[in-house]
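Data block below; observations after.
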Amino acid sequence: MKDKLDLLLVKPGSQKKLYVELSSSLSAIEPPLLDGLIAGFIRQHGYSVKMIDAEAENWSPEQTADKIAEYNPLLVGVIVSGTNPSASTMNMPGAGAIINALKEKAPHIKTLLGGLHPSALPERTIKEENADFVCQGEGFYTILQLLEALKSSERIDDYKINGLWYIKEGKIISNPWAPLVNLDELPFVAWDLLPMEKYRAHNWHCFGHLDQRQPYAVIYTSLGCPFRCRFCCINALFGRPVIRFRSPEKVVEEIDYLVKNYKVKKIKILDEMFVLKESHVIHLCDLIIQRGYDLDMWAYTRIDTINENMLKKMKQAGINWLGFGIEAGNNKVRNGVTKGKFDLDDIKKAIEMTRAAGIYVNAAFIFGLPDDDLDTMRQTLDLAKELNCDWVNFYVAMAYPGSQLYEDAVQQNIKLPETWLGYGQYNEETFPLPTKYLSRADVIRFRDRAFEEFYSSPKYIEMITQKFGQDTAEHIKEMLKHKLRRKLLEEKEKDESRYFRWRQERYTPS
């Protein structure tokens, strides 16, 4: 008789709803790091584990539930964490739909919701969702101890397990946070349990060779972040602002595995703050350089942590793109969300240094931060156009659960999205924060127009053509044909149209 599966980990899929047409060709499909780490950790402790990536498989909640029921595990964990902080909350609809479908098909299977969003709002999650358990925190020790309890021959009613939330006799039971794991005690991501052939890099990561987006993988060299940017929710998973580093030797061992077993060349370094500790960056790059791999990687950095020495080493190691969180072109707006102490001269110097090292730049900007008005948002767009980076991400400010902006919005009774899809950046439900001076509609309208203005700029198209060729320039022009639908703007236009008609009826002489 086949042994019963102990744990099935699921990455929910909401790709089409979140990215609409962009999901078919432009967005990346990235391996679920947290799921893979938990899978490796639990398997290392002797339990049987499988994984389902519903996003990569493009499965509906019903299809996913069917597959879970077929596996019939003791525990299924739906982990709601993306490869950037904003990707957790907006994936909650997909996660909840999978749990609901499974409860109809196989109600005997125990279910757990984990990841960044459930960690930020554990009480609300256990109240509103149909899961048996909610995991607050990383989940390594919590899920291990829960499996031990579920497999125990003794009947257990009280789960005294750190990080675990559940409901007993109508009462919410919570436990303290579990301790953080030592990263060097973790095994590799359980790559063999993932559909590696389905993952692909971002379109911009492959400028100049858009047909080479696979094979693709992600790697991490640290978890967490020591900074306290008010718009960021990353540390909701860890309980406090903290960063832990993984030994460079362990990182390179895993890169060796990915290269040898999956022929991976395209890699994203997932660290929220990769370019921080110079000795860590240099040592890791030296180890990669010694291997002689022809890698094409990208990573995140900050304006105020980069220097020429690290840039030189990163380029030699194959880090060809760096992502800078610039956020705003106005010092007051940046300072209002505690985003570093740098100014415009520092920004320009960091970008120039990066380009001089032969590294492409991906810059992120946020419209609609609390101190933004139309003039400051215009400053941000003008800065983006002046820098003319190889790629830019234009976001609207969101009160992501786990961030200080979320806490502020709750305290100030600022209306938040009615559904978790409203926290997505590119779908029709997008519902950003208003600023002190602007409505939500003002913010989202500016963002969408800024995107078009930047990417259709002759200066940008000429730069892209010179660097990456005519095919990439045509790709950008095709991208601009995708027009985002925004319910918020449609509703405002309807209101304005009704008001205009009312004014005409009232003030037009009969």
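The values are calculated or read from the model by the stated rules, or taken from the named source; none is laboratory data. These numbers were taken from a predicted model, which means no experiment stands behind them. A quick note on method: Cβ atoms are made from the backbone with ideal geometry, for glycine too, and the neighbour counts reach across all protein chains shown.
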**Asked** Which members of segment 133-158 meet the condition of being free of Cβ contacts under 8 Å to residues at least 12 places away in the same chain and of a type in the set (S, T, N, Q)?
**Response** Ser152, Ser153
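Suppose the filter is in the same structural domain as Val252 (by TED's automatic domain parsing), over 18 Å from Ser222 (Cα atoms), surrounded by 15 or more Cβ atoms within 10 Å (Cβ to Cβ) and not acidic (Asp, Glu); does Gly358 pass it?
Values: in the same structural domain as Val252 (by TED's automatic domain parsing): yes; over 18 Å from Ser222 (Cα atoms): yes; surrounded by 15 or more Cβ atoms within 10 Å (Cβ to Cβ): no; not acidic (Asp, Glu): yes.
Criteria not met by Gly358.
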**Message:** Testing Trp321 on (1) in contact (Cβ under 8 Å) with a residue 40 or more places away in the chain; (2) under 23 Å from the mean Cα position of the chain (by Cα); (3) in a helix (DSSP H, G or I), one condition comes back false. Which one is that?
**Reply:** (3)
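From the list Glu123, Glu138, Glu55, which residue is assigned to a loop (DSSP other than H, G, I, E, B) and under 23 Å from the mean Cα position of the chain (by Cα)? Quick ask: steps written out before the conclusion?
Details: Glu123 fails: assigned to a loop (DSSP other than H, G, I, E, B); Glu55 fails: assigned to a loop (DSSP other than H, G, I, E, B).
Every option except Glu138 fails the conditions.
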**Prompt:** Could we say that Leu311 is part of a helix (DSSP H, G or I) and either buried (at least 20 other Cβ atoms within 10 Å of the Cβ) or touching a helix residue (DSSP H, G or I) at 6+ places or on another chain (Cβ under 7 Å) (or both) here?
**Reply:** yes
**Request:** Would you check which residues across segment 174-185 are more than 18 Å from Glu148 (Cβ to Cβ) and aliphatic (A, V, I, L, M) and list them?
**Result:** Leu180, Leu183
**Request:** Find the residue count for segment 267-302, including only residues that are within 12 Å of Ile319 (Cα to Cα), of a type outside the set (A, V, I, L, M, F, W, C) and part of a loop (DSSP other than H, G, I, E, B).
**Result:** 2
**Message:** Quick check on Glu429: is it over 22 Å from Arg230 (Cα atoms) and surrounded by fewer than 18 Cβ atoms within 10 Å (Cβ to Cβ)?
**Reply:** no
**Message:** I need the full set of residues from segment 386-417 which are buried (at least 16 other Cβ atoms within 10 Å of the Cβ) and either in contact with a Gly (Cβ under 6 Å, 6 or more places away or on another chain) or part of a helix (DSSP H, G or I) (or both), in order please.
**Reply:** Leu387, Val396, Ala397, Gln404, Leu405, Tyr406, Ala409
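Looking at segment 102-114, can you tell me whether even one residue there is in contact with a Pro (Cβ under 7 Å, 6 or more places away or on another chain), within 28 Å of Ser403 (Cβ to Cβ) and either touching a residue at least 40 places away in the same chain (Cβ under 8 Å) or in a helix (DSSP H, G or I) (or both)? Quick ask: steps written out before the conclusion?
Going residue by residue through segment 102-114, those that are in contact with a Pro (Cβ under 7 Å, 6 or more places away or on another chain) are 109.
Remaining after also requiring within 28 Å of Ser403 (Cβ to Cβ): none.
No.
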